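In what follows, a structure is listed as structure tokens, so that the remarks can point back to it.
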């Protein structure tokens, strides 16, 4: 098996244009500066917690590089003129898609003397410290295995409740036996896990990324802490002050977007809010006693001070792009959903929930890096052949690069004949004879291509589905490469 040294990076717009996006002039909401100040201050608090953990690690060259980046970050100040580049994602083990987004944000921030801020979306549900990695069975078969460095606190499924397991070092020993894990990074994992046992996963996960790639260091703050800030809660109150209007405007915006984009899937980009009367949902989560449920109008009438309201769906991006960022950077999935945001903001403005304002520009960044590049490319090639058999026979010229040269040479005369017949059919009135000849030509092409396709795609049926998923997996952690 071969490790990939190649990478595929996707950005929209082109990376060279990102600095120009920061220069865009937008009409801002009046609460923007207060919200930004409070969030950056909270990010500074989280930064100090990370720094304390970093200082407790053994002295290494990577630690020195990280501390140097920390010192540079501490010198930056947020003023009314400071540009802020924001990204956000769940606190899962970093794969190259997430890392690319982080690196791009940090790099453009340095270029433009801006601040970079990562919002850790710890209000979602899932196993934060879980990851997949490849293993070998019987020296020949590869498959994916799963390990998890975390346990959940208080029987909560929220990422914010993930703690580093007490037996995480023993789990790491399992990982050490894998021939696919980069040995240079095992030491980093062990050092960070040793000081993190029983503690929250968020800082542990960030430190692992930063020590593996010190150039990725930025300000960070958990979303659960953002949602507790007074200015942010006031912004939520602005959105929720007329829940009837919010329910109608949100659903109407979704319906309008699907109609405009000709989308038939009712869950795309987000499901409509459900319910009737006081049981109508609102585009927020209610987190109460470490459990997350959809916020309803009835919940608002019985709210408690300790309740945490968290925006969901498009309202998360609405917060980031309306009152926080000068440029917000998505991954590919978030970038596609975000096309709905302009329509949502228009509906919220029309019904008077929000005053007239502009959302900040957005960009998309991601990277696909395949661990088993050679094997993945071969599987992809065979699947193209398998899934396009009819097309290859009917439109052979388009797929000629997939065919062996000798096979294509042998059928070239009949392909020329077929093309000639197709052109003549467009200009003649008596089509019967030509259609007969065209069917004969198609049959000749089929008789030569079909046996080759059957033979060449055989390996697809000789390997398991698990093998295919293993070599095509895109979420292997950065530290196995």
Turns out the strands (runs of 3 or more DSSP E) fully within region 130-208 with at least 1 residues that are within 30 Å of residue 375 (Cβ to Cβ) are 130-137, 141-148
Considering region 42-82, residues that are in contact with a strand residue (DSSP E or B) (Cβ under 7 Å, 6 or more places away or on another chain) and under 19 Å from residue 196 (Cα atoms), and then whichever is surrounded by the fewest Cβ atoms within 10 Å (Cβ to Cβ), we arrive at 46
Screening 9, 39, 35, 85 for residues that are over 25 Å from the mean Cα position of the chain (by Cα), touching a residue at least 60 places away in the same chain (Cβ under 8 Å) and surrounded by 12 or more Cβ atoms within 10 Å (Cβ to Cβ) leaves only 35
Any residue that is farther than 21 Å from residue 344 by Cβ, in contact with a helix residue (DSSP H, G or I) (Cβ under 6 Å, 6 or more places away or on another chain) and surrounded by fewer than 18 Cβ atoms within 10 Å (Cβ to Cβ) - is there at least one of those in region 266-278?
yes
Selection from region 83-102 of residues closer than 23 Å to residue 133 by Cα and out of contact with any strand residue (DSSP E or B) (no Cβ under 6 Å at 6 or more places or on another chain) yields 89, 90, 92, 94, 95, 99, 102
Check your understanding: Is it true that residue 397 is over 30 Å from residue 467 (Cβ atoms), at pLDDT below 95 and either buried (at least 22 other Cβ atoms within 10 Å of the Cβ) or in contact with a helix residue (DSSP H, G or I) (Cβ under 9 Å, 6 or more places away or on another chain) (or both)?
Key -> yes
Residue 356: passes all of (1) within 30 Å of residue 114 (Cβ to Cβ); (2) modelled with pLDDT of 95 or more but (2)
Residues of region 254-265 being assigned to a helix (DSSP H, G or I) and surrounded by 12 or more Cβ atoms within 10 Å (Cβ to Cβ), in sequence order, are 254, 255, 256, 257, 258, 261
Of the residues in region 116-129 that are modelled with pLDDT under 95 and touching a strand residue (DSSP E or B) at 6+ places or on another chain (Cβ under 7 Å), the one that is farthest from residue 312 (Cα to Cα) is 129
The one condition residue 36 fails out of (1) under 22 Å from residue 108 (Cβ atoms); (2) in contact with a helix residue (DSSP H, G or I) (Cβ under 8 Å, 6 or more places away or on another chain); (3) not in a helix (DSSP H, G or I) is (3)
By residue number, the members of region 355-367 that are crowded, with 20+ Cβ neighbours inside 10 Å and either farther than 27 Å from residue 332 by Cβ or free of Cβ contacts under 8 Å to residues at least 12 places away in the same chain (or both) are none
Of (1) farther than 25 Å from residue 467 by Cα; (2) part of a loop (DSSP other than H, G, I, E, B), residue 370 satisfies every one except (1)
Scanning region 154-167 for residues that are within 14 Å of residue 292 (Cα to Cα) and in contact with a helix residue (DSSP H, G or I) (Cβ under 7 Å, 6 or more places away or on another chain), the one modelled with the highest pLDDT turns out to be 160
- Taking the stated definitions as given, is residue 382 touching a residue at least 60 places away in the same chain (Cβ under 8 Å), farther than 30 Å from residue 209 by Cα, surrounded by fewer than 16 Cβ atoms within 10 Å (Cβ to Cβ) and in contact with a helix residue (DSSP H, G or I) (Cβ under 6 Å, 6 or more places away or on another chain)? no
Taking region 123-175 and keeping only residues that are within 14 Å of residue 477 (Cβ to Cβ) and touching a residue at least 60 places away in the same chain (Cβ under 8 Å), one is left with 128, 129, 131, 132, 133, 134, 144
**Request:** Report yes if some residue within region 434-445 is modelled with pLDDT under 95 and either in contact with a strand residue (DSSP E or B) (Cβ under 9 Å, 6 or more places away or on another chain) or under 30 Å from residue 93 (Cα atoms) (or both); otherwise report no.
**Result:** no
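The values are calculated or read from the model by the stated rules, or taken from the named source; none is laboratory data. This one's a predicted model, so the numbers in the text were calculated from it and none came from an experiment. Here the Cβ is made from the backbone with ideal geometry for all residues, glycine too, and neighbour counts use every protein chain on show.
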